[in-house]
Amino acid sequence: MRILFCCTDFKAEPWLAALRAALPQAEIAVWAPGAPAADYAVVWAPPQQFLNEQPHLKALFNLGAGVDALTQLKLLPQMKLVRLDDAGMSVQMAEYVCHALIRHFREFDQYAADVAQGKWSFRRPRLRTDFPVGIMGLGVLGQRVARAVAQFEFPVVGWSRSARQVEGVRCFSGAAQLPEFLEASRVLVCLLPLTDETRGILCRETLSQLQPGGYVINVARGAHLVEDDLVPLIESGQLAGAALDVFRQEPLPPEHPFWRHPKISVTPHTAARTLRDESVAQIAGKILALERGEFIAGVVDHQKGY
Ligand code: NDP
Ligand code: OXD
């Protein structure tokens, strides 16, 4: 069995070593143009040339949960794309979102500013019932985040494409129920895949439908947010602020206003990192399952785009 590794942004050596340890029977190499045909590939944002040269792969394993870097390429309909299915990311995402939510709700930035000035001052406690959290995307990550947020006793609402039932979450689905979902949310967490339907979904029109003092946590993809709409909504007081992990251009350019806005907090696309051991174990397990002719989870639906 021959496996190619074609991942921009990843240091190849440790991944090759881990893959070789998990699949000692396989021949595993870094892709270079003109490489002989392989059975499987492990990829992250590969070039179109890679797909053109390897049209007969049995499966391509994406080293992330979001496959938008792949779906923007010209893909053959028979190409089986497999995304990471949690692989240690959901608990990290739950940590990130709870941290951003609680930092905002408990006004910890304001406390830190007071403390920096030597001020011992209290703020009036706020009611968590006044901060319903709306989670866009009730998939692997969204459901884990919903569970974690509910543990802190915030009301939780969720929105997905198809109707879902998630314990402790008031669920909405489809475009028709989006307004009702937004009106029920004050803190909005985006955990949607980036598709033609979801690009630009965080915009003036939708964000204006949040409850007053809305707060945006975008941990999905930068292109979900219409960036130019955000600052005016914050400046007008409609939104209280935002915590952003993902951006249209990454790294975020030094001159970008988000860096310095006092009500926007920025992190460098780090909410849920790809973990090597968990990811390799999952991919190796799925390759072996495919070789046995078994069903595997996490296969991307080309029609839906995720
Ligand atoms: P899943 O595919 O498991 O879940 C996606 C969810 O979004 C599903 O509930 C799906 O609905 C819903 N959805 C998709 N399209 C629509 C739509 N048009 N309208 C309403 N709901 C929709 O994905 P994951 O939870 O694993 O990951 C989510 C995203 O998180 C990734 O695509 C990636 O972009 C991002 N991510 C970011 C990371 C970071 O570090 N910042 C790390 C990892 C992932 P349904 O249930 O009906 O299918
Ligand atoms: C992912 C990511 O999609 O890291 O996994 O953003």
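Tabulated data for the structure shown
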| read-out | value |
| --- | --- |
| Identity of the residue in region 207-239, part of a strand (DSSP E or B) and touching a helix residue (DSSP H, G or I) at 6+ places or on another chain (Cβ under 7 Å), that ends up most open to solvent (accessible area, probe 1.4 Å) | Tyr215 |
| Any hit, region 276-296, residues being modelled with pLDDT of 95 or more, within 13 Å of ligand 2 (Cβ to nearest atom) and within 22 Å of Ala112 (Cβ to Cβ) | no |
| Tally, over region 1-56, of residues that are open to solvent by 10 Å² or more (accessible area, probe 1.4 Å), farther than 25 Å from Thr71 by Cα and among the hydrophobic types (A, V, I, L, M, F, W, C) | 6 |
| Subset of region 111-142 (residues that are in a helix (DSSP H, G or I), more than 16 Å from ligand 1 (Cβ to nearest atom) and within 29 Å of His224 (Cα to Cα)) | Arg128, Thr129, Asp130 |
| Subset tally (residues that are over 24 Å from Pro155 (Cβ atoms) and either at pLDDT below 95 or open to solvent by less than 50 Å² (accessible area, probe 1.4 Å) (or both)) for region 175-197 | 3 |
| Residue list for region 250-306, filter: in a loop (DSSP other than H, G, I, E, B), among the hydrophobic types (A, V, I, L, M, F, W, C), open to solvent by 40 Å² or more (accessible area, probe 1.4 Å) and within 16 Å of ligand 1 (Cβ to nearest atom) | Leu275, Ala297 |
| Members of region 2-20 found to be touching a residue at least 24 places away in the same chain (Cβ under 8 Å) and either at negative phi or in a helix (DSSP H, G or I) (or both), listed by number | Arg2, Ile3, Leu4, Phe5, Cys6, Cys7, Thr8, Phe10, Pro14, Trp15, Ala18, Leu19 |
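The values are calculated or read from the model by the stated rules, or taken from the named source; none is laboratory data. All values derive from a computational prediction rather than experimental measurement. We place every Cβ from the backbone using ideal geometry, glycine too, and count neighbours over all the protein chains shown. Just the protein is used for accessible areas: all its heavy atoms, side chains included, with ligands, DNA and RNA removed. Shrake-Rupley method; radii C 1.70, N 1.55, O 1.52, S 1.80 Å.
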